[in-house]
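The values are calculated or read from the model by the stated rules, or taken from the named source; none is laboratory data. Everything numeric here is computed off the predicted structure, so don't read it as measured data. Neighbour counts are summed over all protein chains in view; Cβ atoms, including those assigned to glycine, are modelled from backbone coordinates with ideal geometry.
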Amino acid sequence: MNERKAVIIGAGFVGSASAFALLQSGLFTEIVLIDNNQAKAEGEAMDISHGVPFCSPVDIHAGGYEDAADAGIIIITAGAAQRPGETRLDLVSRNAAIFRSIIPNINESGFQGVLLIVANPVDILTYIAQKLSNLPANRVIGSGTTLDTARLKSELSKHLNVDARSIHSFIIGEHGDSEIVAWSSANVSGVPIGDFCELRGHYHNHHQAMEKIAAGVRDSAYRIIERKGATYYGIAMSIRRICEAIVNDEKSIFPVSNLMTGAYGIEDIVLSMPAILGRDGIETQIPISLNEKETVALMKSARTLKEIADKLDLESK
């Protein structure tokens, strides 16, 4: 297996933006684009490859599923796009059908690396991929709420006028309308978020301000889609960061889509919870502290996803 080879399935907005971000990262020596529209994959690869003289050497080209055989990471961005006014969960039937055609091709190639799901609804599609693939669950993960968490940190950074990298917080549950901000464990360099708000002069309406920020983060994708038709730069950077953690065996913690096996009373469904990422994918989940309200909301989010998954009639591997 070549750990420095990445295959991206889907050469649309997200796939091509991700390829561009990965090109700049210097993580990979080979990046392969696969798409049903071969000409589209070839065109994107050609265009992106013209930037190689300005970064580390990398062979970027269009290919087929045979290229998956020795890849270290496969990133699946292929799927129907979210339409204005449509929720991520509305995409289930269309993208589930697409995954039923993609995953068997990956299995046939003999791929043994880490499978990273990005297409929406990411938690459900990661669950489908886990059920249909030949890989262990820890090596089939979704980008989950990594982007939502980055959006949250960005908004808190502006609200508190502090570096976003010093903010430690997670959005958990569904990457979608039932996502939860884990406020009870949020902090700025160890200082609880509420105390830091007061430190920065926000003495009044703290609860309302946090609710407004959480709602803005939850609905940000809808606002972007209304204005430009799709979101792709933020998720491309999220993919780059997740790939860095895997390729470099960082043991970094991200809120990625992973299989629940009893924590918080939730099992046999994939949702986003903090987990340690390394070369083999997920090493272990991180049991962050949640208050009663957050725990109830997480269980509700899990039920929402489970009800949808149970209708998919998936065959376990």
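Numbers below:
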{"read-out": "Close pairs from region 10-32: first more than 17 Å from I117 (Cβ to Cβ), partner hydroxyl-bearing (S, T, Y), Cβ under 6 Å, at least 6 apart", "value": "G26/S56"}
{"read-out": "Answer residue from region 63-81, given it is of a type outside the set (A, V, I, L, M) and either assigned to a loop (DSSP other than H, G, I, E, B) or in the same structural domain as S238 (by TED's automatic domain parsing) (or both) and is nearest to V114 (Cα to Cα) among those", "value": "D70"}
{"read-out": "Index of the failed condition, S166 passing every other in (1) crowded, with 18+ Cβ neighbours inside 10 Å; (2) small (G, A, S); (3) more than 30 Å from V7 (Cβ to Cβ)", "value": "(1)"}
{"read-out": "Close pairs (6 angstrom Cβ cut-off, 6 or more residues apart or separate chains): touching a residue at least 12 places away in the same chain (Cβ under 8 Å) in region 217-234, basic (K, R) and surrounded by 11 or more Cβ atoms within 10 Å (Cβ to Cβ) anywhere", "value": "V217/R151; S220/R151"}
{"read-out": "Criterion violated by R165 - all others in (1) over 19 Å from the mean Cα position of the chain (by Cα); (2) under 27 Å from A215 (Cβ atoms); (3) part of a helix (DSSP H, G or I) satisfied", "value": "(1)"}
{"read-out": "Residues (in contact with a strand residue (DSSP E or B) (Cβ under 9 Å, 6 or more places away or on another chain) and either in contact (Cβ under 8 Å) with a residue 40 or more places away in the chain or of a type outside the set (G, A, S) (or both)) located in region 164-183", "value": "I167, H168, F170, I171, I172, G173, E174, H175, E179, I180, V181, A182"}
{"read-out": "Filter pass, G72 being within 20 Å of the chain's Cα centre (by Cα), at pLDDT 95 or above and farther than 30 Å from E307 by Cα", "value": "yes"}
{"read-out": "Residue in region 212-222 that is farthest from the chain's Cα centre (by Cα), counting only those that are over 13 Å from I171 (Cα atoms) and either outside any helix (DSSP H, G or I) or of a type outside the set (G, A, S) (or both)", "value": "K212"}
{"read-out": "Failed item, numbered, when I193 is tested on (1) touching a residue at least 24 places away in the same chain (Cβ under 8 Å); (2) surrounded by fewer than 13 Cβ atoms within 10 Å (Cβ to Cβ)", "value": "(2)"}
{"read-out": "Residues being surrounded by fewer than 24 Cβ atoms within 10 Å (Cβ to Cβ) and of a type in the set (S, T, Y) - total across region 124-163", "value": "3"}
{"read-out": "Conditions (1) modelled with pLDDT under 95; (2) in contact with a Phe, Trp or Tyr (Cβ under 8 Å, 6 or more places away or on another chain); (3) under 18 Å from I242 (Cβ atoms): number failed by D123", "value": "(2)"}
{"read-out": "Residue tally, condition in contact with a Leu (Cβ under 9 Å, 6 or more places away or on another chain) and either surrounded by fewer than 18 Cβ atoms within 10 Å (Cβ to Cβ) or not in a loop (DSSP other than H, G, I, E, B) (or both), over region 29-62", "value": "15"}
{"read-out": "Yes/no for H207 being exposed (fewer than 15 other Cβ atoms within 10 Å of the Cβ), of a type outside the set (S, T, Y) and either free of Cβ contacts under 8 Å to residues at least 60 places away in the same chain or over 19 Å from V122 (Cβ atoms) (or both)", "value": "yes"}
{"read-out": "Selected residue (only one of I98, I106, I141 is modelled with pLDDT of 95 or more, among the aliphatic types (A, V, I, L, M) and assigned to a helix (DSSP H, G or I))", "value": "I106"}
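Residue-wise test of (1) of a type in the set (A, V, I, L, M); (2) in contact with a Phe, Trp or Tyr (Cβ under 8 Å, 6 or more places away or on another chain); (3) in a loop (DSSP other than H, G, I, E, B).
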position	(1), (2), (3)
A275	yes, yes, no
I282	yes, no, no
L290	yes, yes, yes
K293	no, no, no
